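The block underneath contains the structure these notes are about, expressed in structure tokens.
The values are calculated or read from the model by the stated rules, or taken from the named source; none is laboratory data. Fair warning: this is a prediction, and the values are worked out from it, not measured in the lab. Here the Cβ is made from the backbone with ideal geometry for all residues, glycine too, and neighbour counts use every protein chain on show. In case anyone asks, the SASA skips ligands and DNA or RNA and just uses the protein heavy atoms, side chains included. Shrake-Rupley method; radii C 1.70, N 1.55, O 1.52, S 1.80 Å.
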Amino acid sequence: MMRWMKYLLFSLLLLGIVFAKTARHELGGKKTYVVVNGKKYQYWYLKKGDIAKFSITGYATAKIYVRTQSGEKRNITIYLDDKKVKSFVVDEKVSKKSSEKHLGIITKAKTMELNIPRGKHTIKIHSDDGRVLVRVTYRKKSTGITMAPQKHDGGMVLVANEQELGYYRASKDKAVEYVINGGGTVTLYTRLIFSPEMMGTQHYKLKIQIDDEKPTIYEFETVPSSVSYFRGDDKVIPGKAKKIKIKVPKNRHKITVQPEGATPVAVRLIIPMSMLKAK
């Protein structure tokens, strides 16, 4: 049991915990988009002296992205609820995969994270001495964590809102299998893997089996995602995520996930922290 728990905890550390969301923009700056590998990300363009204000409801972790024009250095000041928390210089290398209409050739993003307490809070970003691009995302603190399977048909990295999330491929020939200490409800996110010739809305069925019990068949309808992609694989496109809640009985169980059709599916399992405890 201890060997299995060590493997599980090591695997969990390699994966993201929850999806990141874009912080609500309240005022300041001009909305623009940074294009990275053909994907658009919302930023705010600030000139010297401009302040952009964002609101976030905690308990959460905020992530701030700042880019400048290639070859330029810029000073930035960050405020949380009108209290100065950080000043830093943005002096990053040029990004060969990014572009933006105001600054043209831009740098890679300089990033920093802020812990946001419970309740509603504001983040202000001040451009001290020049033109910059800023973006703020956040992820809620969660009692759930991503679990790596014992068997799968290949690992996949999904990029969504500039965050990387671990997914695993389930195919007709090879299922994804998890071994779990039960006594709670887990959440399974599934994404149909679109090939280039697949167009528009697609239907798919997913077979979920606990141990040797009769499988449950779930049926979904999905379309290609316009805001996410698989890292390092331009030949396939992720579908929009669909969610399944699975109640797992007490004691140790095997969960098998497999598509009914020939098209593979990417899956990601989130378990509550309480189920990490050895029974």
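A few notes on this one:
- For segment 13-38, a residue qualifies if it is out of contact with any Lys or Arg (no Cβ under 8 Å at 6 or more places or on another chain), surrounded by fewer than 17 Cβ atoms within 10 Å (Cβ to Cβ) and either at pLDDT below 90 or closer than 21 Å to Thr187 by Cβ (or both), and the qualifying residues are Leu13, Leu14, Gly38.
- Matching residues, segment 232-258, being closer than 17 Å to Arg169 by Cβ, open to solvent by less than 10 Å² (accessible area, probe 1.4 Å) and over 21 Å from the mean Cα position of the chain (by Cα): Ile255, Val257
- Some residue of segment 177-192 being at negative phi, at pLDDT 95 or above and open to solvent by 70 Å² or more (accessible area, probe 1.4 Å): no
- For segment 54-63, filtered to residues that are out of contact with any Ser or Thr (no Cβ under 6 Å at 6 or more places or on another chain) and open to solvent by 40 Å² or more (accessible area, probe 1.4 Å), the residue that is nearest to Leu27 (Cα to Cα) is Thr57.
- Unique match (being touching a Leu at 6+ places or on another chain (Cβ under 7 Å), open to solvent by 10 Å² or more (accessible area, probe 1.4 Å) and under 19 Å from Leu103 (Cα atoms)) among Arg74, Arg67: Arg67
- Residue in segment 111-124 that is modelled with pLDDT of 95 or more, of a type in the set (A, V, I, L, M, F, W, C) and more than 27 Å from Ala60 (Cβ to Cβ) present: no
- Every condition in (1) at pLDDT 95 or above; (2) not in a loop (DSSP other than H, G, I, E, B) is met by Glu164 except one, and the failing one is (1).
- Of all residues in segment 94-133, those satisfying the criterion of being of a type in the set (Ser, Thr, Tyr) and crowded, with 18+ Cβ neighbours inside 10 Å are Ser98, Thr107, Ser127.
Yes or no, residue by residue, for (1) closer than 18 Å to Lys53 by Cβ; (2) touching a strand residue (DSSP E or B) at 6+ places or on another chain (Cβ under 6 Å):
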residue: Leu114; (1), (2): yes, yes
residue: Thr122; (1), (2): yes, yes
residue: Ile125; (1), (2): yes, yes
residue: Arg135; (1), (2): yes, yes
residue: Gly144; (1), (2): no, yes
residue: Ala160; (1), (2): no, yes
residue: Asp173; (1), (2): no, no
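- Among the residues of segment 209-231, those identified as modelled with pLDDT of 95 or more, surrounded by fewer than 18 Cβ atoms within 10 Å (Cβ to Cβ) and β-branched (Val, Ile, Thr) are Thr216, Ile217, Val223.
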